[in-house]
């Protein structure tokens, strides 16, 4: 029969009950009324129509009662087979017929006997331990449904047929299963937790703790993008070797021995180390710290092993293949880690001192002891592995700083003396009661500022530069005072006097450095000075010695 093909239930009503004529008469009345605009008809006609409507309702109620009786006495055909339903009213018999149809068509519907109602139920499964099915072979807690899905996925795997989560959902929502979408997702979640299958999205394995996993199991727009495959577990031997190696490598005994726990631990450990090494590599952007190549090699090793993170078997095999490299790089990194934790501060301070002294090394030409200390600091900073010598830097730096402090105070005294001389030259040139008093006052204020700069100075180079600045400023002031003092307005009728040509010479140019040990050498030295001044005066009107 067609019902066998279409999975239908046919109800053959009893012909002992008459209901057709009543339904037909009621239908004719309804049809006639629909063709009329009742509100426009005379009141008498409207009254007749209302009575006919009441009659139609009575006929329909009567027919309904008769049909109920006909159903009770009906013959039922379910999925092509005649079935006798002995007891019950019309509703009960129809319910029973549909129930038997469902059981016939969805013959495996009852394999699911524990149900989920929300995503929270699935998350509970994913976050929990593998569930027990009670007494094996009893089918409780969806035992048979779970076996059904697992077996089918195994067959697909053996046949090398790819399966998506969408394929799983469509198969088990259809005949003969008829399972709900959420219950199918829950069954797959249990297989994931039991480590029998794995979900991949975009080629990458989706962990059971992935926040998107429930979406991949349920959402229509995602299920066809998520693949479902039988999980190929690492061998017991590889897992045993991996646990033993990790305990030895990390000095840690509490390492999970189940596949999921072990692989999660491996990935987390390698990721943490990779991130740590990348953070250290970033430190090398700030200075030439030692053994950057070792840190890069360590980082690259972690990246190499993690390149297999999407395949648990391959990841463990790569880990085991790189055991010696991991042990070597960890040993190499010990001193580097110690350096960044406890020695970097001293190294940075020594580097700063080195930079500060790079243009001031000549100041220590008469202090070979301090020069040797500076050389030793430079040598330590340039070593490939300076870790054992970094402890010496503090004492070396302190020695250099002490010597530098002495030179700095000496240089400050020298500059203060020059300031005093410059002020004396200005005052002497201006004289008492001079009309250049305003310029003298301004110069005194400026020289006072220089004194404060000397007090605040921390660099020999800065102080030396200040000497040149002082002398240049003093020369400018003296030249200006000279012009003020010799400026005289011409008398009426007289020509404006010709401007004198005054040459500026520095005192140290006139009196060069020389050691004199006899009267003859003194006379000779003075004679050379006299000749130099005479020669200069020949070409000028005057000489200003600064």
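Would you mind finding the one in 439, 395, 414 that is at pLDDT below 95, closer than 24 Å to residue 356 by Cβ and either over 46 Å from the mean Cα position of the chain (by Cα) or assigned to a helix (DSSP H, G or I) (or both)?
Details: 439 fails: closer than 24 Å to residue 356 by Cβ; 395 fails: at pLDDT below 95.
Among 439, 395, 414, only 414 is at pLDDT below 95, closer than 24 Å to residue 356 by Cβ and either over 46 Å from the mean Cα position of the chain (by Cα) or assigned to a helix (DSSP H, G or I) (or both).
Per-residue answers, yes or no, for (1) closer than 16 Å to residue 15 by Cα; (2) out of contact with any strand residue (DSSP E or B) (no Cβ under 6 Å at 6 or more places or on another chain); (3) surrounded by fewer than 17 Cβ atoms within 10 Å (Cβ to Cβ):
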| position | (1), (2), (3) |
| --- | --- |
| 53 | no, yes, yes |
| 63 | yes, yes, no |
| 68 | yes, yes, yes |
| 73 | yes, yes, yes |
| 80 | no, yes, yes |
| 83 | no, no, yes |
| 101 | no, no, no |
| 107 | no, yes, yes |
| 111 | no, yes, no |
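Regarding the stretch 202-210, can at least one residue be identified that is assigned to a helix (DSSP H, G or I) and either out of contact with any strand residue (DSSP E or B) (no Cβ under 7 Å at 6 or more places or on another chain) or in contact (Cβ under 8 Å) with a residue 60 or more places away in the chain (or both)?
Taking the stretch 202-210 and keeping what is assigned to a helix (DSSP H, G or I), we get none.
No: zero hits.
Determine which single condition residue 405 fails, assuming it passes every other condition in (1) farther than 26 Å from residue 371 by Cβ; (2) exposed (fewer than 13 other Cβ atoms within 10 Å of the Cβ).
Tallying (1) farther than 26 Å from residue 371 by Cβ; (2) exposed (fewer than 13 other Cβ atoms within 10 Å of the Cβ), residue 405 fails exactly one: (1).
Out of curiosity, is residue 29 assigned to a helix (DSSP H, G or I) and closer than 30 Å to residue 176 by Cβ?
Against the criterion (assigned to a helix (DSSP H, G or I) and closer than 30 Å to residue 176 by Cβ), residue 29 does not qualify.
Would you check which residues across the stretch 184-196 are crowded, with 20+ Cβ neighbours inside 10 Å and more than 31 Å from the chain's Cα centre (by Cα) and list them? So that I can check it myself, show each step before the final result.
So in the stretch 184-196, the residues crowded, with 20+ Cβ neighbours inside 10 Å come out as 184-192.
Selection gives 184, 185, 186, 187, 188, 190, 191.
Evaluate the stretch 326-340: report whether one residue or more is at pLDDT 90 or above, surrounded by fewer than 14 Cβ atoms within 10 Å (Cβ to Cβ) and more than 20 Å from residue 275 (Cα to Cα).
no
Could you say which residue among 88, 139 is outside the structural domain of residue 77 (by the TED database), more than 38 Å from the chain's Cα centre (by Cα), under 30 Å from residue 76 (Cβ atoms) and modelled with pLDDT under 85?
Numbers: 88 fails: outside the structural domain of residue 77 (by the TED database).
Just a single option satisfies the conditions, and that option is 139.
Would you pick out the residues in the stretch 52-80 that are under 30 Å from residue 183 (Cβ atoms) and free of Cβ contacts under 8 Å to residues at least 24 places away in the same chain?
None - no residue of the stretch 52-80 is under 30 Å from residue 183 (Cβ atoms) and free of Cβ contacts under 8 Å to residues at least 24 places away in the same chain, so the list stays empty.
Having 2 or more residues that are within 30 Å of residue 353 (Cα to Cα) and touching a residue at least 12 places away in the same chain (Cβ under 8 Å) is the bar; report the helices (runs of 4 or more DSSP H) wholly within the stretch 224-337 that clear it.
The qualifying helices (runs of 4 or more DSSP H) are 259-283, 292-306.
From the list 441, 389, pick out the single residue that is over 30 Å from residue 292 (Cβ atoms) and either surrounded by 17 or more Cβ atoms within 10 Å (Cβ to Cβ) or not assigned by the TED database to the domain that holds residue 245 (or both). So that I can check it myself, show each step before the final result.
Working: 389 fails: over 30 Å from residue 292 (Cβ atoms).
Exactly one of 441, 389 is over 30 Å from residue 292 (Cβ atoms) and either surrounded by 17 or more Cβ atoms within 10 Å (Cβ to Cβ) or not assigned by the TED database to the domain that holds residue 245 (or both), namely 441.
Quick one: how many residues across the stretch 347-366 are surrounded by 12 or more Cβ atoms within 10 Å (Cβ to Cβ) and either without any contact (Cβ under 8 Å) to a residue 40 or more places away in the chain or under 42 Å from the mean Cα position of the chain (by Cα) (or both)?
So the answer is 11.
Taking the criterion of being surrounded by fewer than 16 Cβ atoms within 10 Å (Cβ to Cβ), closer than 28 Å to residue 198 by Cα and either touching a strand residue (DSSP E or B) at 6+ places or on another chain (Cβ under 9 Å) or at pLDDT below 80 (or both), would at least one residue in the stretch 115-129 satisfy it?
Yes, because at least one residue in the stretch 115-129 is surrounded by fewer than 16 Cβ atoms within 10 Å (Cβ to Cβ), closer than 28 Å to residue 198 by Cα and either touching a strand residue (DSSP E or B) at 6+ places or on another chain (Cβ under 9 Å) or at pLDDT below 80 (or both).
The values are calculated or read from the model by the stated rules, or taken from the named source; none is laboratory data. Computed from a prediction, not measured in an experiment: that's the story for all the values here. When we count neighbours, we look across all protein chains shown, and the Cβ atoms used for this are built from the backbone with ideal geometry, even at glycine.
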